[in-house]
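Structure record follows, encoded as structure tokens.
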Amino acid sequence: MEISRRKFMLGAGAVLSAPAFASGDNALGMPTSGGVKRFEFGEDGTFTFLMIADWHRRTGKSNTAREIAVFRKAVARFKPALVVFGGDNVSGGTGCSKRGVFEKLMEPVMAEFKATGTSLCVAFGNHDSEQPESDKAFVSRQEQYDWYKASLGSLFVDHDVPELTGVGTGVVPVFARGAAKPSFKIFVADSGDCPKRDANGRLVRNLGYDNPHADQIAWYLRESADGVPHIWIQHIIVPDANCHGLFLPAKDGEGQKNFLMPDGSKQRMKLAPGVAGACREVTCPVGWNTYRDAEHTVDSMTLYDAWRKSGCMKGAFFGHDHTNTFDGMDKNGIRLGMTKSINCGGSYGDGDPGLRVFRIRTFGSFESWTETEVTLR
């Protein structure tokens, strides 16, 4: 299976508003003796990074100049030490993950990272690789990951734990200056594409989307057991966002319809008071049956259950739903947020491409907000 189902043996409060100024300009990303980048908080005690999701680079349709202008302005304004790609970096199903095509689409983007000296960490979405593993005309997830690594050299953050399901699940630690142990962690996960493929290796789309598997959850529980505050980033949203207080039942004409509920029903919902951002489309999570099956749980514990168990989880952020920007704390104290698509030509959107900014502080809190082409002018 192309998604590389590599198996591992199983054995706070946050500020939602955006500040009016940029800080964290002195945050460091330095190579260690082993060649792996070490990230440190700046002299002002902050670390800034960007999440870019759903770039959907696509031959003949990507509006490269506008999209790169958004990226360039955000990097100039916020001076991030790191950018995390949140998946659907290319529109693989349109042939844009073909050999020779994928590289040409991503080279202009990589040139911006090189020009600014910005580090990149890559996660994948459901559209990055949609072809059968046997079709060697296409660049697999692993080959894409390796290409980014070769293209950027020391600017690439090689976070992948190769034993885990998928490609690109790992953790990026952030240290106080000179400290031996991290003060914060950024978990980045491969949430897959669709949960099953047919005998010919093609995705079975009527089964819905995938999500992290049991080995990834078990690994997370071990990695988070040290109590270090952290956030989690993946492409496909978890269904828990629909039913723990971020949304309330809505009347006809309000909100969005067809929110998937735990009992299998679909309901019209609207954002609850106090939730920042907007919900312009129904969430498109993994289906509840897949999410709660044995392949996606540990002792019946879902990914969301694992976040609650950790006790030091500060928030989870997703791409996938291109026009949603909502961001809020649910009734269980889990902050869940969406990252708007930066694409403005190769896929759907609202005409105002954007990204998400994070500013982490050494004592474990963080600020996060959306910036768009309009706000970056």
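The values are calculated or read from the model by the stated rules, or taken from the named source; none is laboratory data. Quick caveat, the model's predicted, so the values are computed rather than measured. Because the Cβ atoms are built from the backbone with ideal geometry, glycine has one as well, and the counts that use them run over all protein chains shown.
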Notebook entry, point to check: Which of the following residues is in a strand (DSSP E or B), more than 21 Å from residue 185 (Cβ to Cβ) and touching a strand residue (DSSP E or B) at 6+ places or on another chain (Cβ under 6 Å): 324, 258?
Noted result: 258
Next item on the list: Considering every residue within segment 308-320, establish whether at least one is within 18 Å of the chain's Cα centre (by Cα) and farther than 23 Å from residue 174 by Cα.
Entry: yes
Notebook entry, point to check: Being touching a strand residue (DSSP E or B) at 6+ places or on another chain (Cβ under 7 Å), buried (at least 18 other Cβ atoms within 10 Å of the Cβ) and under 29 Å from residue 71 (Cα atoms), is that true of even one residue in segment 301-313?
Noted result: yes
Item checked: Options 225, 218, 276; residue that is within 30 Å of residue 361 (Cα to Cα), over 18 Å from the mean Cα position of the chain (by Cα) and surrounded by fewer than 16 Cβ atoms within 10 Å (Cβ to Cβ) -> 225
Item checked: Residues that are surrounded by fewer than 23 Cβ atoms within 10 Å (Cβ to Cβ), in a loop (DSSP other than H, G, I, E, B) and touching a helix residue (DSSP H, G or I) at 6+ places or on another chain (Cβ under 8 Å), drawn from segment 197-215 -> 208
Next item on the list: Give the residue, chosen from 76, 53, that is of a type in the set (Gly, Ala, Ser), closer than 30 Å to residue 294 by Cβ and modelled with pLDDT of 95 or more.
Entry: 53
Check: Is one or more of the residues making up segment 228-247 under 30 Å from residue 49 (Cβ atoms), of a type in the set (A, V, I, L, M), touching a Lys or Arg at 6+ places or on another chain (Cβ under 6 Å) and not in a strand (DSSP E or B)?
Finding: yes
Margin query: Just to check your reading of the model, which residue among 238, 188 is more than 27 Å from residue 156 (Cβ to Cβ) and crowded, with 22+ Cβ neighbours inside 10 Å?
Written below: 238
Next item on the list: Can you run down the residue pairs with Cβ atoms below 7 Å, 6 or more apart or on separate chains, where the first is in segment 209-237 and at positive phi and the partner is part of a loop (DSSP other than H, G, I, E, B)?
Entry: 227/312
Next item on the list: Would you mind finding the one in 104, 114 that is in a helix (DSSP H, G or I) and under 28 Å from residue 187 (Cβ atoms)?
Entry: 114
Checklist line | Subset of segment 152-196 (residues that are in contact with a Gly (Cβ under 9 Å, 6 or more places away or on another chain), assigned to a strand (DSSP E or B) and under 15 Å from residue 361 (Cα atoms)) | finding: 183, 184
Check: What is the number of the single condition among (1) over 22 Å from residue 324 (Cα atoms); (2) in a loop (DSSP other than H, G, I, E, B) that residue 93 does not meet?
Finding: (2)
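What are the residues in segment 51-64 that are part of a loop (DSSP other than H, G, I, E, B) and within 21 Å of the chain's Cα centre (by Cα), if any?
54, 55, 56, 58, 62
Okay, residues lined up against (1) among the basic types (Lys, Arg); (2) under 28 Å from residue 209 (Cα atoms); (3) out of contact with any Ser or Thr (no Cβ under 9 Å at 6 or more places or on another chain):
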site	(1), (2), (3)
60	no, yes, yes
69	no, no, yes
76	no, no, no
92	no, yes, no
101	no, yes, no
Item checked: Cross-chain or 6+ apart pairs with Cβ under 6 Å, segment 184-201 first and at positive phi, then at pLDDT below 95 and surrounded by fewer than 17 Cβ atoms within 10 Å (Cβ to Cβ) -> 201/132; 201/133; 201/134
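Residue by residue, here is whether (1) modelled with pLDDT of 90 or more; (2) surrounded by 24 or more Cβ atoms within 10 Å (Cβ to Cβ); (3) out of contact with any His (no Cβ under 9 Å at 6 or more places or on another chain); (4) in a helix (DSSP H, G or I) holds:
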| residue | (1), (2), (3), (4) |
| --- | --- |
| 35 | no, no, yes, no |
| 38 | yes, no, yes, no |
| 43 | yes, no, yes, no |
| 49 | yes, yes, yes, no |
| 66 | yes, no, yes, yes |
| 69 | yes, no, yes, yes |
| 72 | yes, no, yes, yes |
| 85 | yes, yes, yes, no |
Notebook entry, point to check: Among 87, 100, 60, 93, which is the only one that is small (Gly, Ala, Ser) and under 13 Å from residue 343 (Cβ atoms)?
Noted result: 87
Note to self: Anything in segment 302-342 that is touching a Phe, Trp or Tyr at 6+ places or on another chain (Cβ under 8 Å) and hydrophobic (A, V, I, L, M, F, W, C)? List them, or say none.
What the structure shows: 303, 306, 307, 313, 316, 317, 334, 336, 338, 342
Item checked: Enumeration of residues in segment 287-311 that are in a loop (DSSP other than H, G, I, E, B) and either modelled with pLDDT of 95 or more or within 11 Å of residue 213 (Cβ to Cβ) (or both) -> 292, 293, 297, 299, 300, 302
Check: What residue, of 326, 318, is at pLDDT 95 or above and surrounded by fewer than 24 Cβ atoms within 10 Å (Cβ to Cβ)?
Finding: 326
